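Heads up: the structure comes next, in structure tokens.
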Amino acid sequence: MKRSLTALALLIVVLAVAAGGYLYSKQPSRQGMVELQHLQGSVTVRYDERGVPHIRAENEPDLYRALGYVHAQDRLFQMEVLRRLARGELAEVLGPKLLDTDKLMRSLRIRERADTYLANLDKQSPTFIAMQAYLDGINQYQDSHARPVEFDVLGIPKRPFTAEDTISIAGYMAYSFAAAFRTEPLLTYVRDQLGPEYLSIFDLDWQPKGVLANHRSGAAPSLASADWKDLNALARLSEQALADNGLPQFEGSNAWVVSGSRTKSGKPLLAGDPHIRFSAPSVWYEAHLSAPGFELYGHYQALMPFASLGMNRDFGWSITMFQNDDLDLIAEKVNPENPNQVLYRGKWVDMVTSEQQIAVKGQAPVTLVLRQSPHGPIVNDALGSGVGKTPIAMWWAFLESENPILEGFYQLNRADTLAKARTAAAKIQAPGLNVVWANAKGDIAWWAAAQLPKRPAGVRPEFILDGSTSEADKDGFYPFSANPQEENPARGYIVSANFQPVSPTGMEIPGYYNLADRGQQLNRQLGDKAVKWDLETSQKLQLGTTTDYGPRLLEPLLPVLRAVVSDPAELKLVEQLAQWKGDYPLDSTSATLFNQFLYNLADSAMRDELGNDFFETLLSTRVIDAALPRLAASPDSPWWDNRNTLGKETRADTVKAAWQASIAHLKTTLGSDFTQWQWGKAHTLTHGHPLGQQKPLDRIFNVGPFAAPGSHEVPNNLSAKIGPAPWPVTYGPSTRRLIDFADPAHSLTINPVGQSGVLLDSHYDDQAEAYVEGMYFQAHLNDEEVTANTRSTLKLMPARATQ
């Protein structure tokens, strides 16, 4: 018995040692010396207390080769899975459940656009040389190290990363902005199947004077029932492809800049927090780069060599999503005599057909047949071809514009003057971005960077267009000078928060913009001339959890609630809502009650008209946010009637049903004690890893949950989808940055999770609690402070010639 126990103990020790050795072999090496091919000189990488690399090289190619190497150490799996998503190659490693996602991504033609884009690049330009050096650094790391744990679990083979991968990911980012896939089928269905009177709650009209000062209390293509089913399936697939894979998706953002006349320091102050779907690892990788004539502290995306956000002693910028509509869905008219022909400009024109093979783990490859009309790719082919179905083509600016976005960001990383930054912004054409910029000399600016298409007069691109007419035609793009933009405005500040902008030419700019409430809240506070802004006051503004949205929606419903609620305890809750200011701290019970009521109001009023599938699509769009306050204020809206009953319901009937359903659900979910309905118990943040989508791996790879303050469309935009409690937060500030150009070396930043994507690394989740608690860390820029905070040093040396 003793010998058996001893043997068992030894076996356990051996297995533990083996497991430890296995996991240790996957960890990043942040100290010592490594030889790299193609280096011209030595490169020093100093890692600070958060695992941020401070890279010093003697020339740019060495600098970017080193960046690629250290970025791969921390984020190789993120790079791999993101390129596979962008190029439609997930099913090869994740199996048949990802086949529909692959079909969708391939139908977007991102792969083909990457090939043509690369063919037209100047291979001798500093931009291309830097990108190739960065990719070489990634590949050298991959070739010389053990595969990440995730590669072993999924059986992912190593293969080189290429420029086509980088360009494809840029296409994925552009697609993740495109709300048209979810919104245009929905709005067209409402117009054509329910009637135009049902459209009035959707805020579809352009507001020529903008939205910040507004503190507010065609002929249809012929589509059959099978087409509507397909269109909604396409909308749901579009949402799921982005949401279900633990990968970043751009959703919104805040950025503002205040001139020196409005700050305590007398220099501009820049703030930014791009709103992106939470994931583990997070989207941004921080790195401080310096070489003779160049220095930048930047935030980098996977496989992107140039910082999307950045700063140094002289200038800095942040970005928000423009949210212009640069994607049109077009219903083609098919020739009854030839199903491969569509009517285009009065003639029957052949569609171009091609085939692709999709590798699928555990089964034979699947053949995907892709078609393209003169308007663009037929995107509903991703759902399978069917006789009699209407082909839906996609016109997308990413496929049609020159879009020198890599050159644009290379230049933006070096843009220390207004003129240089403006020139760089003009090269960002798809996706549409707002670039908010400042420099230490005192300039502040904002440019809406995109190529805006010239559509025919009167066309409403928020609906599916008719391909047999001229309404889907484009007459090129407007010049960059027509885009919304400001430089050194007299008011002394600029705020960008995804609201509808104002064009300098007065033209309408179709888009799927966010509610005005968040921008209005920031604008009110920034417009207070009694405040002199500094880092401390800016933190409070960035972490704000209040807007007018909740009180604005409730205002017309409070008299109704007082009339239909009879229980004394519940009437107290109604009065509590009447006093609620629309704020979302962790201890708020009104926030919990309002969010539940918001969902049940939408559910009671709209599910019966839309059906389950289109209702779920509605909840995934931005148009629901504007629709609900307008519905609440419309007592005669046809939405109030329940089509599933014989009688005709009124607003009071539906509000009563929604209230009763809300109270019942919260009692079931959070208990019968109203005081326990606290926001932090129902609203939580978990950073999900792609492998964490499967139990029990979620306990190993995911980070959280954490009680989360804030909510949808408040400045601290920790957002959950409209739905029943509890609410898992899906997206929010992907970083928070504050830069006072009187002292840029002491700028503030935070990562929602940590720098590293390597499981068990000390920097995998070391910032997660600080983030949700609203803390910030200093971004080290001064050499003496970098030295003082260095925890380890990695030396990269040119490889010695072999004999």
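The values are calculated or read from the model by the stated rules, or taken from the named source; none is laboratory data. Since this is a predicted model, take the numbers as computed values, not measurements. Virtual Cβ from ideal backbone geometry, glycine too; neighbours counted across all protein chains shown.
For segment 766-784, the condition holds for at least one residue, the condition being that it is closer than 30 Å to residue 621 by Cβ and either part of a loop (DSSP other than H, G, I, E, B) or among the acidic types (Asp, Glu) (or both). Within segment 503-525, being under 24 Å from residue 267 (Cβ atoms) and touching a Gly at 6+ places or on another chain (Cβ under 9 Å) holds for 522, 525. Taking residue 648, is it assigned to a loop (DSSP other than H, G, I, E, B) and over 18 Å from residue 551 (Cα atoms)? Yes, satisfied.
Exactly one residue among 739, 722 is over 24 Å from residue 438 (Cβ atoms), β-branched (Val, Ile, Thr) and modelled with pLDDT of 95 or more, and that residue is 722. The residue that is surrounded by the most Cβ atoms within 10 Å (Cβ to Cβ), among those in segment 90-106 that are within 17 Å of residue 381 (Cα to Cα) and of a type outside the set (Ser, Thr, Tyr), is 102. Scanning segment 143-163 for residues that are part of a helix (DSSP H, G or I), among the charged types (D, E, K, R) and surrounded by fewer than 18 Cβ atoms within 10 Å (Cβ to Cβ) yields a count of 2.
Of everything in segment 537-567 that is of a type in the set (S, T, N, Q) and assigned to a loop (DSSP other than H, G, I, E, B), the residue that is nearest to residue 586 (Cα to Cα) is 545. Out of the residues in segment 540-571 that are small (Gly, Ala, Ser) and surrounded by fewer than 16 Cβ atoms within 10 Å (Cβ to Cβ), state the one that is farthest from residue 254 (Cα to Cα). Going through the qualifying residues, I end up with 566.
Among the residues of segment 588-602, those identified as part of a helix (DSSP H, G or I) and either within 26 Å of the chain's Cα centre (by Cα) or small (Gly, Ala, Ser) (or both) are 590, 591, 592, 594, 595, 596, 598, 599, 602. In segment 195-215 there is at least one residue matching the filter, namely being within 22 Å of residue 619 (Cβ to Cβ), part of a helix (DSSP H, G or I), touching a Phe, Trp or Tyr at 6+ places or on another chain (Cβ under 9 Å) and modelled with pLDDT of 95 or more. With the requirement that a residue be over 30 Å from residue 366 (Cβ atoms) and not in a helix (DSSP H, G or I), what does segment 56-91 give you? Selection gives 56, 57, 58, 59. Contact map, segment 412-430: residues that are more than 18 Å from residue 297 (Cα to Cα) paired with residues that are surrounded by fewer than 24 Cβ atoms within 10 Å (Cβ to Cβ) and among the hydroxyl-bearing types (Ser, Thr, Tyr), Cβ distance under 7 Å, separation 6+ or inter-chain. Pairs shown: 429/401; 430/401.
Listed by first and then second residue, the pairs with beta-carbon distance under 7 Å, at least 6 apart or on different chains, first residue in segment 126-145 and more than 17 Å from residue 83 (Cα to Cα), second part of a helix (DSSP H, G or I) and of a type in the set (Asp, Glu), are 126/60; 127/407; 130/60. The set of residues from segment 482-500 being among the small types (Gly, Ala, Ser) and under 26 Å from residue 205 (Cβ atoms) comprises 482, 496, 497. Under 9 Å by Cβ, and 6 or more places apart or on different chains, what pairs join a residue from segment 729-758 that is closer than 22 Å to residue 265 by Cβ with one that is outside any loop (DSSP other than H, G, I, E, B) and of a type in the set (Lys, Arg)? Matching pairs, first to second residue: 747/737; 748/737; 749/737; 750/737.
Restricting attention to segment 256-268, the residues being in contact with a Pro (Cβ under 8 Å, 6 or more places away or on another chain) and crowded, with 24+ Cβ neighbours inside 10 Å number 2.
The rows are residues; the columns are (1) within 21 Å of residue 702 (Cβ to Cβ); (2) surrounded by fewer than 17 Cβ atoms within 10 Å (Cβ to Cβ); (3) more than 19 Å from the chain's Cα centre (by Cα).
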{"site": "720", "(1), (2), (3)": "yes, no, no"}
{"site": "726", "(1), (2), (3)": "yes, yes, yes"}
{"site": "736", "(1), (2), (3)": "no, no, no"}
{"site": "744", "(1), (2), (3)": "no, no, yes"}
{"site": "755", "(1), (2), (3)": "yes, no, no"}
{"site": "771", "(1), (2), (3)": "yes, no, no"}
{"site": "779", "(1), (2), (3)": "no, no, yes"}
{"site": "787", "(1), (2), (3)": "no, yes, yes"}
{"site": "794", "(1), (2), (3)": "no, no, yes"}
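Within segment 529-542, residues that are over 13 Å from residue 715 (Cβ atoms) have Cβ atoms under 7 Å from residues that are of a type in the set (Gly, Ala, Ser) in these pairs: 534/265, counting only partners at least 6 apart in sequence or on another chain. In the set (1) surrounded by 16 or more Cβ atoms within 10 Å (Cβ to Cβ); (2) closer than 30 Å to residue 585 by Cβ, residue 761 fails one condition alone, (2).
Within segment 269-293, the set of residues being crowded, with 21+ Cβ neighbours inside 10 Å, in a loop (DSSP other than H, G, I, E, B), out of contact with any helix residue (DSSP H, G or I) (no Cβ under 6 Å at 6 or more places or on another chain) and not aliphatic (A, V, I, L, M) comprises 278, 279, 282, 284. Within segment 366-376, if we keep just the residues that are out of contact with any Pro (no Cβ under 9 Å at 6 or more places or on another chain) and assigned to a strand (DSSP E or B), the residue that is surrounded by the fewest Cβ atoms within 10 Å (Cβ to Cβ) turns out to be 367. Within segment 522-537, restricting attention to residues that are surrounded by fewer than 24 Cβ atoms within 10 Å (Cβ to Cβ) and in contact with a strand residue (DSSP E or B) (Cβ under 7 Å, 6 or more places away or on another chain), the residue that is farthest from residue 434 (Cα to Cα) is 532. Picking from residues in segment 588-622 that are modelled with pLDDT under 95 and β-branched (Val, Ile, Thr), the one that is surrounded by the most Cβ atoms within 10 Å (Cβ to Cβ) is 617. Any idea which residue in segment 164-185 is modelled with the lowest pLDDT, counting only those that are of a type in the set (Gly, Ala, Ser) and in a helix (DSSP H, G or I)? The qualifying residue modelled with the lowest pLDDT is 176. All of 125, 107 fail the test of being polar (S, T, N, Q) and touching a strand residue (DSSP E or B) at 6+ places or on another chain (Cβ under 8 Å), apart from 107. Only one of these conditions is not met by residue 306: (1) crowded, with 24+ Cβ neighbours inside 10 Å; (2) farther than 29 Å from residue 494 by Cβ; (3) not hydroxyl-bearing (Ser, Thr, Tyr). Which number is it? So residue 306 meets the others, but not (2).
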